[in-house]
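*Asks:* First, the structure itself, so that you have it in front of you.
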Amino acid sequence: MLSITLEKPGQFIATDGPQPQPAAGDALVRVHRVGVCGTDLHAFAGKQPFFSYPRILGHELGVEVVDPGRDPHGLRAGDRCSVEPYLNCGRCSACRRGKPNCCAEIKVLGVHTDGGMRPFFAVPARKLHKSTTLTYDQLALVETLGIGAHAVERAGIKPDDFVLVIGAGPIGLSVIQFVQVRGATLAVMDVSETRLEFCRSQLGVAHTLPAGPDAAAKLRSFGGGDLPTVVIDATGNAKSMAGTFDLPAPGGRIVFVGLFQGEVTFNDPNFHRRELTLLASRNALPGTFRDIIALIEAGRIDTTPWITHRFTLADTPQRFPALSGDPAVIKAVIDVPAGI
């Protein structure tokens with residue numbers, strides 16, 4: 001069985017190994033699609049926190065159940081599923097309080113433990129979310145969409161909110177789609193006019209603006225004189241994240257969904273004067289996966305614009321390095337053919 005392993009930063013190797021044997025509670029799945037995300041690109045570049053090498057990447061997955069195991073959780077062989085890749089302990093305070101996404105002992109597939117860049121692997125059956133209608137491409141996008149959906153959940157967005165999303169990369173795009181589902185007024189800010197044009201033409205975003213010193217004035221023009229009630233930063237950029245504290249209206253909320261290795265500083269009087277709320281958003285909840293699948297099935301989330309690049313598992317070592325430098329990449333998907 002072919003597996004693609006990131007041996008060290010900048011170097012993939014192809015190996016041939018046995019098909020995995022599921023443990024108790026696991027299902028054996030056949031991988032059909034693997035989405036490539038910023039976590040994978042950062043790991044390839046040697047800039048991903050909470051990561052060790054060698055590692056089989058791949059946590060955005062569209063899979064087929066081969067053997068649902070002894071505790072199948074309603075699964076049958078042949079079911080098409082998205083994988084919730086957050087392996088939580090079930091015992092810690094976060095898990096007991098319904099927040100398995102930030103489990104104290106969390107292991108994320110493709111980050112802390114080997115993921116899906118291989119034809120078959122074993123995964124806890126409770127982490128599989130099935131659909132009778134979605135394609136493997138769509139199922140592989142559910143985890144990416146979950147990052148944005150959970151950020152919107154954390155922000156508690158309502159229809160009367162004015163929301164600024166900073167960063168129109170894949171995470172920001174997923175945030176945008178769920179802000180739109182909530183019916184809030186939306187503005188998107190980015191340094192790339194190409195990305196802003198994508199938001200306008202493909203996602204129907206009415207209010208876009210380039211990052212810069214006059215951002216607050218432009219936001220007031222979008223908000224009828226008011227600044228945003230919610231600012232969601234999806235850049236993972238320290239300067240951008242520090243700048244978010246100047247952009248919300250009094251009583252507003254800031255959500256950091258992007259991640260970087262370092263510290264963010266802010267002016268405390270500026271923060272307290274407006275009684276701002278600062279939130280972190282990590283991963284997604286099991287219910288979020290189910291909600292996203294239902295929204296795609298109902299046609300309320302359109303995945304059509306997402307996939308811009310595609311290659312096969314065997315071609316990954318050759319094709320992967322070019323992804324990070326290609327501004328046209330929104331989402332690359334790896335096809336895993338049968339018989340490898």
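*Asks:* Limited to region 244-289, what total is found for residues that are open to solvent by less than 30 Å² (accessible area, probe 1.4 Å), more than 21 Å from Pro228 (Cα to Cα) and of a type outside the set (Gly, Ala, Ser)?
*Replies:* Going through region 244-289 one residue at a time, the tally reaches 3.
*Asks:* Which ones in region 183-198 are open to solvent by 10 Å² or more (accessible area, probe 1.4 Å), among the β-branched types (Val, Ile, Thr) and not in a loop (DSSP other than H, G, I, E, B)?
*Replies:* Thr185, Thr194, listed by residue number.
*Asks:* Go through (1) buried (at least 24 other Cβ atoms within 10 Å of the Cβ); (2) out of contact with any Pro (no Cβ under 6 Å at 6 or more places or on another chain); (3) part of a strand (DSSP E or B) for Thr208 and report which single condition fails.
*Replies:* It fails just one condition, (1).
*Asks:* Output yes when any residue across region 78-86 is among the β-branched types (Val, Ile, Thr), in contact with a helix residue (DSSP H, G or I) (Cβ under 7 Å, 6 or more places away or on another chain) and either part of a loop (DSSP other than H, G, I, E, B) or open to solvent by 20 Å² or more (accessible area, probe 1.4 Å) (or both), and no when none is.
*Replies:* no
*Asks:* For region 316-334, indicate whether the set of residues that are of a type outside the set (S, T, N, Q), open to solvent by 70 Å² or more (accessible area, probe 1.4 Å) and free of Cβ contacts under 8 Å to residues at least 24 places away in the same chain is non-empty.
*Replies:* Within region 316-334, one or more residues are of a type outside the set (S, T, N, Q), open to solvent by 70 Å² or more (accessible area, probe 1.4 Å) and free of Cβ contacts under 8 Å to residues at least 24 places away in the same chain.
*Asks:* Select from region 170-182 the residues that are open to solvent by less than 20 Å² (accessible area, probe 1.4 Å) and either small (Gly, Ala, Ser) or within 23 Å of Phe245 (Cα to Cα) (or both) and write down the one among them that is farthest from the chain's Cα centre (by Cα).
*Replies:* That would be Val179.
*Asks:* Please work out if Asp214 is among the charged types (D, E, K, R), open to solvent by less than 50 Å² (accessible area, probe 1.4 Å) and either touching a Lys or Arg at 6+ places or on another chain (Cβ under 7 Å) or free of Cβ contacts under 8 Å to residues at least 60 places away in the same chain (or both).
*Replies:* no
*Asks:* Just for region 259-316: of the residues that are in a loop (DSSP other than H, G, I, E, B), among the β-branched types (Val, Ile, Thr) and under 18 Å from Val36 (Cα atoms), which one is nearest to the chain's Cα centre (by Cα)?
*Replies:* Looking at residues that are in a loop (DSSP other than H, G, I, E, B), among the β-branched types (Val, Ile, Thr) and under 18 Å from Val36 (Cα atoms), I get Thr303.
*Asks:* Within region 288-340, restricting attention to residues that are polar (S, T, N, Q) and out of contact with any strand residue (DSSP E or B) (no Cβ under 8 Å at 6 or more places or on another chain), which residue is farthest from Val181 (Cα to Cα)?
*Replies:* Going through the qualifying residues, I end up with Gln318.
The values are calculated or read from the model by the stated rules, or taken from the named source; none is laboratory data. Because the structure is predicted, anything quoted here is derived from the model rather than measured. So basically every Cβ, Gly included, is an ideal-geometry build from the backbone, and we count neighbours across all protein chains shown. Accessible surface areas use protein heavy atoms only, side chains included; no ligands, DNA or RNA. Shrake-Rupley method; radii C 1.70, N 1.55, O 1.52, S 1.80 Å.
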